[in-house]
Amino acid sequence: MKTNPDAPVIALRGLKKRYGIGDAEHTVLDGVDLVIEKGEFIAIMGPSGCGKTTLLNILGLLDRADDGDYFLADRSVESLSARRHANIRSEQIGFVFQNFNLVPRLNVIENVALPLTYKGIRKTKRLQLASKMLQTFHLSEREYYMPWQLSGGQTQRVAIARALVNSPSIVLADEPTGNLDSKASHVIMEELSDIHKRGNTIIMVTHNPSLTTYASRVITMLDGKIDSDTKTLQPTVKVDTTKKRLDTHAAEAPKEKTLRSRRPAKRKTIKKGASK
Amino acid sequence: MRLLVLNHIQNAYDSLRSTRMRTNLTMLGVTIGVASITLILSLSGGATKVITDQVDELGGNIAVVRPGDVPQTTRLDNIASPMNHSYATSSLTERDMKAIRLVPGVEAVAPVMLVGGNVAAGNNSSSNTPIVATTPDLISISNLTVKDGQFIDSVTNRDTAVIGAQLSVDLFGTDQSIGQNFKIRGQDFTVIGVLKRANKPINYNNIDFDHAAIVSLESGKSFNQGVAQIQQIDIKATDQNSLPSVVEGTKKALGAAHKNEHDFSVLSGDDLSRPTSQLFFAVAAAMTAVAAISLIVGGIGIMNIMLVTVAERTREIGIRKALGASNGHITAQFLIESLAIGIGGGLFGYIAGYLLAFIVSRSVLTFDPLFSWQIAGLAIGTSVVVGILFGLYPAIRASRKDPIEALRQYH
Ligand SMILES: Nc1ncnc2c1ncn2[C@@H]1O[C@H](COP(=O)(O)OP(=O)(O)OP(=O)(O)O)[C@@H](O)[C@H]1O
Ligand SMILES: [Mg+2]
């Protein structure tokens, strides 16, 4: 991974994914081109079924594209072994699933500690780290609950804690706030911002436009294609908005957050279609 | 990697505990298999030890000549026949005895000729009394003790006999039977001596002397048209160190006498100590079959239950892979689980085997089962092999699952 420090973390070229065969075949990703630099905070939006989860699965090395190239830190993932994939998932990627995917046999703290297991960290240390992570998400009293004893929102927070516990450099979050009220959502977003500020890359799918304020770049998908991208059309926006957000964020009262968070909708997210 | 093994063990423990009934039933096959193995080995080991101890007690200087080429103990195909046929038409003769006596280092030689037939006194009769025709040397070679009277010797009459303590009780109702008369195959014999109770039904002569009637070789021959049918020749060397040369010398002497035809075998040490009872071998063979079958069935049970476990936990496998588990991690996780079932079954089997061995030895046998680390090692080794062998396929299958396919599985 240390081949070229300036290379984009992720580069996709003509990525395609099809499901089904024959008449039933339909294309879910239809030529996605995307370059993500290190340290970006990307929000992906788009209608249900447009392929966001599919894209995230491919980015997280859980699924394979049928066509096109995926370069991770300048290396084609196709060329890497399954073992290397596992290693990358373990060392670099934190994945928040849309449907949480906690292991039902294991309690909350064991679930959160699970990624650390595969990094070879000692058990006591694992539980310490997991406990600390849970504390961040106000789940300390739920450590020994089983997944089925949690509310939807708690489950989601556990899933996020698990994704972040091994301090991944790439966080892939599929609707991490889908089950949360706005206050809880912001707690999560603050945490992601924190991780982002430490120089890590975050790619988040969300249906909530107000949360895109936290992002440095917003991508809208439609029918398996990238419909709009705040970066490619306005390359300077990224830097500006990030800076602005970070600056204002610290000073602003929570009440104003909602106002501010509506702003990206009005932002000049110029649609590709509009230029036609 | 070591840390992960600990983690896998913990994981296997939790998972097996949560399906305790299923796990126990799966273990049962291995348990029965290992119990059978332990039972056979501990009992045969115990029997061997009895004889070894006897031989050692006698100074470790005993060798035995038996008819037939291969030592009977290793001839598994002999198990089916109820009686050892080579005993019936023995190739050993009185001439062989004389030849052995000339071998340097030989202190004493005694033949054992078993005569078939009934023993009767008054209304009491017994059909399975071993009737032994031999020479006076047997008393020293086999360490027999005469309680009353005397042993047969060169000057005693042909129609005298020495009887075991139990036979005396069976025939005359008392162990004070000197001077009493009884019949062997209709011929009259007078008791001149009663042996001290030895309680050693297992010995290298394969004769329970407590139940035996001992007559002179001359009398024995008279039951067999004057020909000595010798089933075994016992040899006593002057001391333990000369035993190997005595064995060699005996082989050479007999080889010459038999025109180099190998229709005899000279046994000493461990060969001599191994149990020779046909019944024992029949039981051992049956137990071995039980062990083999139950280990295979148990192994298939493990494989079956592991495949179910893997199917049930497909989603978990997907999650674990998504969180960074490699194929190796997943293989190890499930392999350790099947290994735990195997070892658990083996442990229970080992304990059950010894419990059974003690029950059997206390109720029908006269010796205790043998404890040795070899048996423990074999029991655990077998269960480890079964656990790994039959767990490998399910574990590899689990590890090969595609993460996204696994994650899509719903239950
Ligand atoms: N295994 C599959 N087999 C067939 N079709 C699939 C499969 N997985 C996803 N699809 C289809 O791919 C399309 C995109 O699915 P995806 O989960 O990526 O949508 P999404 O953008 O994440 O939607 P949402 O916002 O509702 O989560 C959907 O039409 C879905 O039906
Ligand atoms: Mg989705």
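Structure summary
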read-out	value
Elements of type helices (runs of 4 or more DSSP H) in the range B:1-98, at least 1 residues being modelled with pLDDT under 85, surrounded by 13 or more Cβ atoms within 10 Å (Cβ to Cβ) and within 14 Å of chain A (Cβ to nearest Cβ)	B:2-18
Matching residues in the range B:162-182 - criterion: being in a strand (DSSP E or B) and over 35 Å from the mean Cα position of the chain (by Cα)	B:181, B:182
Residue A:155 vs. criteria within 14 Å of chain B (Cβ to nearest Cβ), polar (S, T, N, Q) and away from ligand 2 (no atom under 16 Å from the Cβ)	yes
Which listed residue, of A:101, A:111, is part of a loop (DSSP other than H, G, I, E, B) and either more than 9 Å from chain B (Cβ to nearest Cβ) or open to solvent by less than 20 Å² (accessible area, probe 1.4 Å) (or both)	A:101
Every residue from the range B:170-181 that is buried (at least 19 other Cβ atoms within 10 Å of the Cβ) and under 18 Å from residue B:132 (Cα atoms)	B:171
Residue that is farthest from ligand 1 (Cβ to nearest atom) [pool: residues in the range A:17-38 that are without any contact (Cβ under 8 Å) to a residue 60 or more places away in the chain and not in a loop (DSSP other than H, G, I, E, B)]	A:35
Residue, most open to solvent (accessible area, probe 1.4 Å), within the range A:168-184, restricted to residues that are at pLDDT below 90 and more than 16 Å from ligand 2 (Cβ to nearest atom)	A:183
Among the residues listed as B:319, B:293, B:302, the single one being surrounded by 22 or more Cβ atoms within 10 Å (Cβ to Cβ), more than 14 Å from chain A (Cβ to nearest Cβ) and either of a type in the set (Val, Ile, Thr) or under 22 Å from residue A:166 (Cβ atoms) (or both)	B:302
Counted residues, the range A:58-84 - those being surrounded by fewer than 20 Cβ atoms within 10 Å (Cβ to Cβ), away from ligand 1 (no atom under 14 Å from the Cβ) and within 12 Å of chain B (Cβ to nearest Cβ)	4
Check on residue A:123, more than 16 Å from ligand 2 (Cβ to nearest atom), surrounded by fewer than 19 Cβ atoms within 10 Å (Cβ to Cβ), farther than 22 Å from residue A:214 by Cβ and within 12 Å of chain B (Cβ to nearest Cβ)	yes
When residues of the range A:39-57 are limited to those that are touching a helix residue (DSSP H, G or I) at 6+ places or on another chain (Cβ under 9 Å) and closer than 17 Å to residue A:175 by Cβ, the one nearest to ligand 1 (Cβ to nearest atom)	A:46
Residue, surrounded by the fewest Cβ atoms within 10 Å (Cβ to Cβ), within the range A:209-225, restricted to residues that are within 16 Å of ligand 2 (Cβ to nearest atom) and of a type in the set (Val, Ile, Thr)	A:220
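Condition check ((1) within 30 Å of residue A:57 (Cα to Cα); (2) open to solvent by 40 Å² or more (accessible area, probe 1.4 Å); (3) within 12 Å of chain A (Cβ to nearest Cβ)) across all residues:
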position	(1), (2), (3)
B:324	yes, no, yes
B:334	yes, no, no
B:350	no, yes, no
B:355	no, yes, no
B:361	no, no, no
B:367	no, no, no
B:374	no, yes, no
B:383	no, no, no
B:398	yes, no, no
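For every residue, the table says whether it meets (1) more than 16 Å from ligand 2 (Cβ to nearest atom); (2) among the charged types (D, E, K, R); (3) under 19 Å from the mean Cα position of the chain (by Cα); (4) at pLDDT 90 or above.
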residue: A:202; (1), (2), (3), (4): yes, no, yes, yes
residue: A:239; (1), (2), (3), (4): yes, no, no, no
residue: A:244; (1), (2), (3), (4): yes, yes, no, no
residue: A:248; (1), (2), (3), (4): yes, no, no, no
residue: A:254; (1), (2), (3), (4): yes, no, no, no
residue: A:263; (1), (2), (3), (4): yes, yes, no, no
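The values are calculated or read from the model by the stated rules, or taken from the named source; none is laboratory data. These numbers come from a predicted model, not from an experiment. Note that each Cβ is placed from the backbone with ideal geometry, even for glycine, and that neighbours are counted across all protein chains shown. Just the protein is used for accessible areas: all its heavy atoms, side chains included, with ligands, DNA and RNA removed. Shrake-Rupley method; radii C 1.70, N 1.55, O 1.52, S 1.80 Å.
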